[in-house]
Structures are given as C-alpha cells and as structure tokens.
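Participant: Can you keep this structure in mind? I'll have questions shortly.
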Amino acid sequence: MTLLQIEDLKVHFPVRTGRFGGGKGTVRAVDGVSLSIDARETLALVGESGCGKSTLGNAVLGLAPVTAGTIQFDGQDLGTLSTAARKRLWRDMQVVFQDPVSALNPRRSIASSIAEPLIIHGWSGSIPDRVTELMELVGLNADQRTRRPQALSGGQRQRVVIARALALNPRLIICDEPVSALDVSIQSQILNLLMRLQAELDLSYLFISHDLSVVRHIADRVAVMYLGTVVEDGPASAVFSDPVHPYTQALMSAIPLPDPSRRDRGDRVLLQGDLPSPLDPPSGCPFRTRCPLAEPRCAETRPALTPQGPGHRAACLVQDRNPGGPPA
Ligand SMILES: Nc1ncnc2c1ncn2[C@@H]1O[C@H](COP(=O)(O)OP(=O)(O)O)[C@@H](O)[C@H]1O
Ligand code: SF4
Ligand SMILES: [Mg+2]
C-alpha cells in the first residue's frame, strides 16, 4: 500500500540576486520530483549537500511552500484538505533532524521533552506511563527521565528525539540526516534502533542522507537527487550493485570500502567541480557540466526517467538501456 505519493513536486524560492540585492532570481530547490513510499518501507533520498533533499522533506511536512505538484498521504491530497484535516494528517508524520542538541530544550528534563507532543495533542491515557513506555522502546533507561539533555551522550539525545517523534504513533518518519552528527560507532546503534522500530511499529521512513554508506544498511529503495531532480531510483540492491546514471556511479565509487584489497578499484569515477547553482541550472541534462560521459546532445535535451530494470529508473541519454522505450 502506498503511504506517501509525491507527483511532479516543485519548490521554488524567490531570492534577491546581485551585489546590491537589486536583481531577482528563483532557486529551483525541488524541480519536478515524483516518488512514493509504501507502508513499512524505507526510501533513502541521497545526493550532495544543496541538491534539495531537506526542502523536499520540509514540503511534505508543510515547512516549505509547494510551488507546484501534489503530495498525497494515505490517499489524501494535502493541497486540497482543510487546514484542520491537514493538521490531523501531519500528526501521522514526524521528523528527526540531524542535530539532537538544538532539537531539545536544554532547560527541560528529557521526560518533559518527550511528554510535550502528548500534552499538546491531549493524550487520553497516562502521560507518565506513556513516557516510560517510549523511553523503553528507544532503549533509554527510565531512571534517566529527570536528566537534562546536556547530561546525555549524542546517541542518547537522538534516542530522546526519536522517542518524542514516536509519541503520537506516527506512520511516516522523515529522518533528515539523523546520524550525520554522531560518531561512526554510534551511528550503527541508531540505525539498528530505527530498523527495529520500523519492524515493531510498521513505520515508513523517508531517510535523507548525503552518506551512502549509511543508507546501504537501511534502505529498501533509493532515490538519487541532483540539482532538484531525481536522476535515478530503484530497489536499493539494484541501485547499489548496478547504478545506471553517471552521477550515481560517481557517488557509489566514492563510498569507502572496508576491504583494503578492493580500495584500488579501476572503476572509480571522481566527481569534478562543484554543484552548479540552483539559481542558474545548466540547460539540458543538469549533470552535464560534471559528467565524464557528456555529449553535445546532453546540452539540448533534459533526459526523463526511463525504465532500466524492474522498478529501476534513470534519467541519462547516453546510459539508457532501453533507448526509444516508453518513459517511466
Ligand atoms: N528558504 C530558502 N530560501 C532560498 N533558498 C533556499 C531556502 N531553503 C533552501 N534553499 C536552497 O535550496 C537548495 C536546496 O537546499 P536543501 O534542500 O537544504 O538541500 P540539501 O538538504 O540536499 O542539502 C540550496 O541551494 C539552498 O540554498
Ligand atoms: S544525459 Fe549526458 S550529461 Fe547527463 S548524465 Fe547522461 S551522459 Fe551525462
Ligand atoms: Mg539537508
């Protein structure tokens, strides 16, 4: 069952440009993205910093303006619902951001932070019991309830944030770089926690990360973003083992390999140059200014996502395995 369905979503920000701010421009942060997440599924949204991942997540949560396109949650179009109905749906979606320090009020005990959404939304049962239950669910000792966030480690603080996100029994959690601020040794503990919670509570995740080695553990499907568009998506196994788009291939070859004998791979594709400005994206294929395979035609035509294998799509004129086939 599809829980979240996004169709041709655009989020454009009007900005002032030029040295004195006299010009006007448009940042095309998200520029025509379609994706869906099933119940109990993890979709990883990956790509370099600035490609529009957080803006997409924020648009789903109502924290960034939707310029065009639709967002449906559980079959209901967020854009056409009444404000009250939309607020009810947003209760089923929660977010875990990168930085648990700024997410928690330093003056509140962790029990009081976890209780906050329960109080706001009028939890019908015992709030202290629910807080204890949530703390145990995320692997926190209930003895720690009176502690302040400063007294906890980074990993424990992120557990508090996750407990609070779970308070109202959400169905979708948007995890925006949830382990990027944590030590590598702690990262896998939090990833394992998220996977256990998914199985126990039937959660869906939109898991945003610039770090593919993190995504590999947790994703069922992967969508690769570049300059506001999805350039490849598909089952994680296909995207990791058999990437089609030159950008995905470059990201994959940059993942550090644990096995030193394989570190010298000949297939390493280095990403050259910086991400172009989303204020002034290249014509044709957005990746062409950094693509090792670019041809003159790549400047003329913007490639569409086309089928490359079961559930696997990519947007590249040159690498297309099914040229002339129907668009995805
Ligand atoms: N409120 C805003 N106003 C103008 N530009 C923005 C705003 N929010 C994000 N952007 C721009 O949109 C682009 C995508 O940003 P973001 O979604 O944060 O990327 P990511 O999460 O992939 O790092 C960036 O160029 C960023 O500067
Ligand atoms: S369409 Fe051309 S520029 Fe774009 S990724 Fe494919 S080969 Fe590279
Ligand atoms: Mg971000």
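Just so you know, all these numbers are worked out from the coordinates, no wet-lab data involved. These numbers were taken from a predicted model, which means no experiment stands behind them. No Cβ is skipped: glycine too gets one built from the backbone with ideal geometry, and neighbour counts run over all protein chains shown.
Participant: Tilt of helix 110-120 relative to the longest C-alpha principal axis of the chain, in degrees (0 to 90, nearest 10)?
Facilitator: So the helix axis and the longest Cα principal axis differ by about 80 degrees.
Participant: Treating the beta-carbon of each Lys and Arg as +1 and of each Asp and Glu as -1, no other charges, what is the dipole magnitude of the range 14-65 about its Cα centre, to the nearest 20 debye?
Facilitator: In total the dipole reaches around 380 debye.
Participant: In addition: Quick one: His12, His217, His312, fewest Cβ neighbours within 10 Å first, how do they rank?
Facilitator: His217, His12, His312
Participant: Would you kindly state the longest site-free stretch of the chain, with sites defined as trypsin sites (Lys or Arg not before Pro) in a DSSP loop (not H, G, I, E, B) surrounded by at most 10 other Cβ atoms within 10 Å?
Facilitator: The answer is 108-262.
Participant: Picking from Ser253, Ser126, Ser36, which is most flexible by a Gaussian network model of the chain using Cα springs under 10 Å?
Facilitator: Of Ser253, Ser126, Ser36, the most mobile in the Gaussian network model is Ser126.
Participant: What is the angle, in °, between the Cα long axis of helix 184-201 and the longest principal axis of the Cα atoms in the chain? Nearest 10 is fine, range 0 to 90.
Facilitator: 80 degrees
Participant: So for Leu134, Leu118, Leu63, fewest C-beta neighbours within 10 Å to most, what's the order?
Facilitator: Going from sparsest to densest Cβ surroundings: Leu63, Leu118, Leu134.
Participant: May I ask for the net charge around Arg171, where only other residues with Cβ less than 9 Å from the Cβ of Arg171 are counted and Lys, Arg are +1 while Asp, Glu are -1?
Facilitator: -3
Participant: Turning to a different aspect of this structure: For the range 122-234, I need the span (max minus min coordinate) of the C-alpha atoms along each principal axis, in Å, sorted largest to smallest.
Facilitator: 47, 31, 23
Participant: With the contact rule set at Cα under 8 Å and sequence spacing of 6 or more, what percent relative contact order holds for the range 119-196?
Facilitator: This gives 29 percent for the range 119-196.
Participant: Once you sort the root eigenvalues of the Cα gyration tensor of the range 172-211 as a ≥ b ≥ c, which label holds: rounded (a/c under 1.5), prolate (a/b larger than b/c) or oblate (the other case)?
Facilitator: Here the range 172-211 falls in the oblate category.
Participant: Another question, if that's okay. Please list, in order along the range 159-168, the HN-Hα scalar couplings obtained from phi with the Karplus expression 6.51 cos²θ - 1.76 cosθ + 1.60 (θ = phi - 60°), rounded to whole Hz, x for Gly and Pro.
Facilitator: So the Karplus estimates, Gly and Pro as x, are 5, 4, 4, 5, 4, 5, 5, 7, 3, 9 Hz.
Participant: Which whole-number percentage describes the relative contact order of the chain, with Cα contacts under 8 Å and a sequence gap of 6 or more?
Facilitator: Details: 601 pairs, mean separation 61.7, N = 328.
For the chain, the relative contact order is 19 percent.
Participant: Gaussian network model of the chain, Cα springs within a sub-10 Å range: biggest mean-square fluctuation belongs to which of Pro296, Pro100, Pro117?
Facilitator: Among Pro296, Pro100, Pro117, the largest GNM mean-square fluctuation belongs to Pro296.
Participant: While we're here: Looking at the chain, send over the antiparallel percent of its DSSP beta bridges, to the nearest 5.
Facilitator: On the way: 31 of 49 bridges.
Within the chain, antiparallel bridges account for around 65 percent of the total.
Participant: Same structure again: Order these by the 10 Å Cβ neighbour count, fewest first: His210, His245, His121. Provide the component values of the computation, followed by the final result.
Facilitator: Numbers: His210 17, His245 29, His121 13.
Arranged by neighbour count, lowest to highest, His210, His245, His121 become His121, His210, His245.
Participant: If Lys and Arg each add +1 and Asp and Glu each add -1, what is the summed charge of the other residues whose beta carbon sits under 12 Å from the beta carbon of Gly273?
Facilitator: Values: positive: Arg288, Arg290; negative: Glu48, Asp274.
With Lys, Arg at +1 and Asp, Glu at -1, the net is 0.
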